[in-house]
Structure formats: structure tokens, C-alpha cells
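The block underneath contains the structure these notes are about, expressed in C-alpha cells.
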């Protein structure tokens, strides 16, 4: 590792404004940069050593794939686009177009493409909402996708947004069974996080209220 910086907000600290320069707006903000200081990957998964190491490996793969892609390797171009998608560096529509131009993905690459396109489209949809009514519409859309058995997102950010919004729609529709199923999925993914305990306590209480209302 050529450079490691830990922001302390101590006055006069060297590189004290690095957090803001690289797009961070809260603690902790964990990111990997290339040799030129460009942010490659922001760590948005669980804050554990294992998950952080995985993001580091993806960042390393990103650099390697970029070099190969620039040399004209078609397979590496597709790998590079997939990694750009997973790091939020490219929009879903642009990624689909570039993949078509790059060539035919392998079966393994295609599975990764589909997963990352779904993650990206969910986050783009959520970030594009600018009103409460719009958010309710998105929540209902995610709820209907889940009910229809559509593939679920895989990244932590997309999983959180997708299932919490779908949970809200299930609550509004008083769909007890779906509410319970969505809550179970969220607990399996985020239940061990200390900061999530109040959320789950409130939702478990709401589940009991919905069950009582249904009787």
C-alpha cells in the first residue's frame, strides 16, 4: 500500500480536506484510490475486515482489467465494465451499450452483468426520486417485483433500498405475509448490525400490529 490516510479533523492535519475532495460526507468513508489519487471503489458493504478485503480485491481487479482493456482484450473490456457498474462509475444504460460493443460475454460474465445491472438500476431509480409520492411509487414497484419472484439485488446498498422500500409498501397494503418475509430477509442481512436494532424492533412491533389488525 503506497498511501494510507485516516481523516481525524484535527486542525492543521496534512491532507485534512482529503475526505471532501474524494466525495466523502460522513464517517466512516472507506475508499480505494489508484496511484494518481482517483477513487476506484467506495466500500459500501458490511464494515468488516472480510468485506473490506473483498472491496480491496475488486479494486485491484479493476486496475488490472483496465490495463488489459486498454490493450484491446475483449474479455477484459467486459470485466472492466462490470467493475465500473459495481462501483457506480457508469450508468446501467451506458454499460449495456458498451458491453454490446465489446463483444459476447461468457456465461459467468453474463450472470455478473445481469446482477450488477439490477443493482445499478435500483440505485439509479432510488436516487432519481424527488418527492414523497415518487418514493411511494418506487416502493410499490419493488414490492410488486418481489411478489412476482423477480431476481433480487445483491449489493448491500441496493438490498437495503429495495427491501426497505418494498417493506413500506407491504405495510401500506397491509400484506402481513409479505411484510414478514421481507423483514426476515432484512434481518438475515443486517440484523447483526448494532445501529439497526431500533429499526428492527420497530418493524417487529409493526408486524404484530398488522397481525392483530388482520384478525
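Values computed for the structure shown
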quantity	calculated
Candidate set: the stretch 32-50, residues that are surrounded by 15 or more Cβ atoms within 10 Å (Cβ to Cβ), touching a helix residue (DSSP H, G or I) at 6+ places or on another chain (Cβ under 9 Å) and modelled with pLDDT of 80 or more; chosen: the one farthest from residue 189 (Cα to Cα)	33
Qualifying residue in the stretch 130-143 (condition: touching a helix residue (DSSP H, G or I) at 6+ places or on another chain (Cβ under 7 Å), part of a helix (DSSP H, G or I) and more than 28 Å from residue 185 (Cβ to Cβ))	no
From 70, 108, 64, 133, residue being surrounded by fewer than 16 Cβ atoms within 10 Å (Cβ to Cβ) and assigned by TED's automatic domain parsing to the domain that holds residue 191	133
Considering residues of the stretch 91-105 that are without any contact (Cβ under 8 Å) to a residue 12 or more places away in the chain and within 21 Å of the chain's Cα centre (by Cα) only, the residue surrounded by the fewest Cβ atoms within 10 Å (Cβ to Cβ)	93
Boolean, residue 45 is part of a helix (DSSP H, G or I) and in the same structural domain as residue 110 (by TED's automatic domain parsing)	no
Selected residue (only one of 165, 183 is within 20 Å of the chain's Cα centre (by Cα), in contact (Cβ under 8 Å) with a residue 24 or more places away in the chain, part of a helix (DSSP H, G or I) and over 26 Å from residue 92 (Cα atoms))	183
Matching entry among 170, 152, 192, 202 (being in contact with a helix residue (DSSP H, G or I) (Cβ under 6 Å, 6 or more places away or on another chain), free of Cβ contacts under 8 Å to residues at least 40 places away in the same chain, on the phi < 0 side of the Ramachandran plot and not assigned by TED's automatic domain parsing to the domain that holds residue 43)	170
Test result for residue 82, surrounded by 10 or more Cβ atoms within 10 Å (Cβ to Cβ), within 23 Å of residue 156 (Cβ to Cβ), touching a helix residue (DSSP H, G or I) at 6+ places or on another chain (Cβ under 7 Å) and outside the structural domain of residue 189 (by TED's automatic domain parsing)	yes
Index of the failed condition, residue 115 passing every other in (1) surrounded by 15 or more Cβ atoms within 10 Å (Cβ to Cβ); (2) assigned by TED's automatic domain parsing to the domain that holds residue 51; (3) in contact with a helix residue (DSSP H, G or I) (Cβ under 6 Å, 6 or more places away or on another chain)	(3)
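The values are calculated or read from the model by the stated rules, or taken from the named source; none is laboratory data. Just so we're clear, the structure is a prediction, and the values are computed from it rather than from any experiment. Cβ atoms come from the backbone with ideal geometry, glycine included; neighbour counts cover every protein chain shown.
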